[in-house]
Amino acid sequence: MVCQIIVKMAKAKCHKCAEKCGKGKVPHDVLLKLDRAFKDFQKTDSKSLLKKYLTQEIFDKIKTKKTSFGSTLLDCVQSGFENPDSGIGIYAADPETYTIFEDIFNPIIEDYHVGFKKFSKHPTTDWGSIKDVGNVDPKGEFVVSTRVRCCRSLEGFPFNPCLTQNQYTEIESKMTNALSSLKGNLKGNYYPLTGMTKDIQQKLIDDHFLFKEGDRFLQSANACRFWPTGRGIFHNEDKTFLVWINEEDHVRIISLQKGGDLGQVYQRFVSAVTEIENKVTFMKNDRLGYLTFCPTNLGTTIRASVHIKVPKLAKDMAKLNELAEKYHLQVRGTRGEHSEAEDGIYDISNKRRLGLTEYEVIKEMYDGIVEIIKLEKGKT
Ligand code: ADP
Ligand code: ARG
């Protein structure tokens, strides 16, 4: 409910109250900060999509807008402003920002997800013919491990920058409650970050099971408040099924195993997501599919990746990246995003997640990886 007295006051002079009820003006100090930060940002040689699309005209058009959660343009772009080495540079401070600030989100979404236009609509969920998904590397020559993950946001909660400390623990308990009833190979335990020893936490990170801590892109986006409250990981005994709670998104559901059997990984992934979705309701949007904190993770929200060794192709990284782009793939380092390759291991995954079905995402990744392996084999 929007308080009408506060709205009236806000229109007259009081920005603080206006912030609370979501109507009224963007506070003067925020506008000043935005103007100053935008000017500085314009002088950088950032290669981010934010830099590419946030023109003076768009900036002036949207800088005075505000969502009913009180989020301003600054809440969305401050990570990109503070980190000019961002690839994207913008986060959805709350679910409404995708529409209130559509003039900047839409071109970035269209660029990242290749041609998903303002009037495009994400297709309905289609897991496809799961049993037809195969092994990308049947002889086990190149692929170290395979992983499929998706992101989910709980209906009724905003995103990180707007979450209260209580909401973090509420999300955590809703999720652990749902996860505790999983059976068979999905049965597992929840390990909260609060109380976890640094050694155990680091080992889980090093073994690629747990999210890292202190991501500067998330920190500048106000996405790490009250850390480690409400954060944690659920996993089965083999650590082939994992769920991250309250890191970048409310929930990340992960299926992971050694080798290149994408079919098995995908099968486990689909059954886990289906089971979980029977127990909790996630936020979904008619146009953008599953809503998440980062515009790169909309739609299916799926990132299917292999850890792969392609030493011949990797001799020329520019070429490998070019090749990846051709197949709509993305190359990351061994420890994920913003990391370098260790022991020649690269993380190669599908890049776009919006505008195509779950099955099409998996197929795109499968076809691309098979092609990359073929090229590696053929190289002298
Ligand atoms: P996300 O995949 O959730 O977007 P990151 O890129 O940070 O986030 O990766 C998270 C973790 O998952 C990192 O430790 C990364 O090494 C690991 N990872 C990604 N793909 C694979 C894979 N195919 N095999 C093993 N670990 C993987
Ligand atoms: N904000 C960071 C950047 O622009 C990350 C973007 C995509 N990755 C993510 N984890 N959401 O480089």
### Task
Hey, could you check the range 365-380 for residues that are touching a residue at least 60 places away in the same chain (Cβ under 8 Å) and under 12 Å from Y327 (Cβ atoms) and say which is surrounded by the most Cβ atoms within 10 Å (Cβ to Cβ)?
M365
### Task
Being surrounded by 15 or more Cβ atoms within 10 Å (Cβ to Cβ) and of a type in the set (V, I, T) is the filter; apply it to the range 119-135 and report the residue that is nearest to C76 (Cα to Cα).
T125
### Summary
In the range 187-201, anything assigned to a helix (DSSP H, G or I) and not acidic (D, E) is listed as K198, I200, Q201
### Query
What pairs can you find where one residue is in the range 202-221 and assigned to a loop (DSSP other than H, G, I, E, B), the other is within 12 Å of ligand 1 (Cβ to nearest atom), and their Cβ atoms are less than 6 Å apart, with a gap of 6+ or different chains?
F209/K239; F209/L242; L210/L204; L210/I233; F211/W244; F211/E247; K212/I205
### Query
Of S173, S153, S145, S220, which residue is out of contact with any Asp or Glu (no Cβ under 8 Å at 6 or more places or on another chain) and surrounded by 16 or more Cβ atoms within 10 Å (Cβ to Cβ)?
S145
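This table checks each residue for (1) open to solvent by less than 40 Å² (accessible area, probe 1.4 Å); (2) in contact with a Phe, Trp or Tyr (Cβ under 6 Å, 6 or more places away or on another chain).
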position	(1), (2)
F157	yes, no
P161	yes, no
T164	no, no
S180	no, no
N185	no, no
G188	yes, yes
T194	no, no
T197	no, no
#### Entry: Scope the range 143-180; condition within 16 Å of ligand 1 (Cβ to nearest atom), over 11 Å from G230 (Cβ atoms) and among the polar types (S, T, N, Q); matching residues
S145, T146, S153
### Task
Just name the residue that is nearest to ligand 2 (Cβ to nearest atom) out of those in the range 305-326 that are within 18 Å of G260 (Cα to Cα) and open to solvent by 20 Å² or more (accessible area, probe 1.4 Å).
H307
### Message
Given the criterion polar (S, T, N, Q) and within 24 Å of P158 (Cβ to Cβ), identify the matching residue among T55, T64, T44.
### Response
T64
### Contacts under 8 angstrom Cβ, first residue in the range 340-354 being farther than 21 Å from Y266 by Cβ, partner assigned to a strand (DSSP E or B) and within 15 Å of ligand 2 (Cβ to nearest atom), 6 or more apart
E340/G333; A341/G333; E342/G333
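Among the residues of the range 162-219, write down those that are within 16 Å of ligand 2 (Cβ to nearest atom) and more than 23 Å from R147 (Cβ to Cβ). I'd like the intermediate steps shown before the answer.
From the range 162-219, those within 16 Å of ligand 2 (Cβ to nearest atom) are 205, 208, 210-219; that's our starting set.
R216, Q219 - these are the residues of the range 162-219 that are within 16 Å of ligand 2 (Cβ to nearest atom) and more than 23 Å from R147 (Cβ to Cβ).
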## Note on the structure
Apart from one, (1) open to solvent by 30 Å² or more (accessible area, probe 1.4 Å); (2) of a type in the set (A, V, I, L, M, F, W, C); (3) in a loop (DSSP other than H, G, I, E, B) all hold for F116; the odd one out is (1)
### Query
With respect to the numbered conditions (1) surrounded by 14 or more Cβ atoms within 10 Å (Cβ to Cβ); (2) farther than 24 Å from L298 by Cβ, which one is the sole condition not fulfilled by G336?
(2)
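With the requirement that a residue be among the acidic types (D, E) and under 17 Å from the mean Cα position of the chain (by Cα), what does the range 76-95 give you? Steps first, answer last, please.
Within the range 76-95, the first condition is being among the acidic types (D, E), and the residues that meet it are 82, 85, 94.
Within the range 76-95, just D94 meets the criteria.
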### Task
Write out, first by first residue and then by second, each pair whose Cβ atoms fall under 7 Å of each other, whose residues are 6+ apart or on separate chains, and whose first residue, in the range 60-84, is among the polar types (S, T, N, Q) while the second is within 16 Å of ligand 1 (Cβ to nearest atom) and open to solvent by 20 Å² or more (accessible area, probe 1.4 Å).
S79/Y91; N83/R216
### Filtered residues of the range 99-112 (kept if farther than 20 Å from H338 by Cβ, touching a residue at least 40 places away in the same chain (Cβ under 8 Å) and open to solvent by less than 10 Å² (accessible area, probe 1.4 Å))
I104, F105, I109
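For (1) buried (at least 22 other Cβ atoms within 10 Å of the Cβ); (2) touching a helix residue (DSSP H, G or I) at 6+ places or on another chain (Cβ under 9 Å), each residue gets a yes or a no:
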{"residue": "G230", "(1), (2)": "yes, yes"}
{"residue": "L242", "(1), (2)": "yes, no"}
{"residue": "K258", "(1), (2)": "no, no"}
{"residue": "Q264", "(1), (2)": "no, no"}
{"residue": "R268", "(1), (2)": "no, yes"}
{"residue": "S271", "(1), (2)": "no, yes"}
{"residue": "E275", "(1), (2)": "no, yes"}
{"residue": "K284", "(1), (2)": "no, no"}
{"residue": "F293", "(1), (2)": "yes, yes"}
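Within the range 76-113, which residues are part of a helix (DSSP H, G or I) and either at pLDDT below 95 or within 13 Å of ligand 2 (Cβ to nearest atom) (or both)?
Of the range 76-113, the ones part of a helix (DSSP H, G or I) are 76-82, 97-100, 102-112.
Scanning the range 76-113 gives C76, V77, Q78, S79, G80, F81, E82, I108, I109, D111, Y112.
The values are calculated or read from the model by the stated rules, or taken from the named source; none is laboratory data. In this text the structure is predicted, and so the values were computed from the model without any measurement. Neighbour counts are summed over all protein chains in view; Cβ atoms, including those assigned to glycine, are modelled from backbone coordinates with ideal geometry. SASA here: full protein model, heavy atoms, side chains in, ligands and nucleic acids out. Shrake-Rupley method; radii C 1.70, N 1.55, O 1.52, S 1.80 Å.
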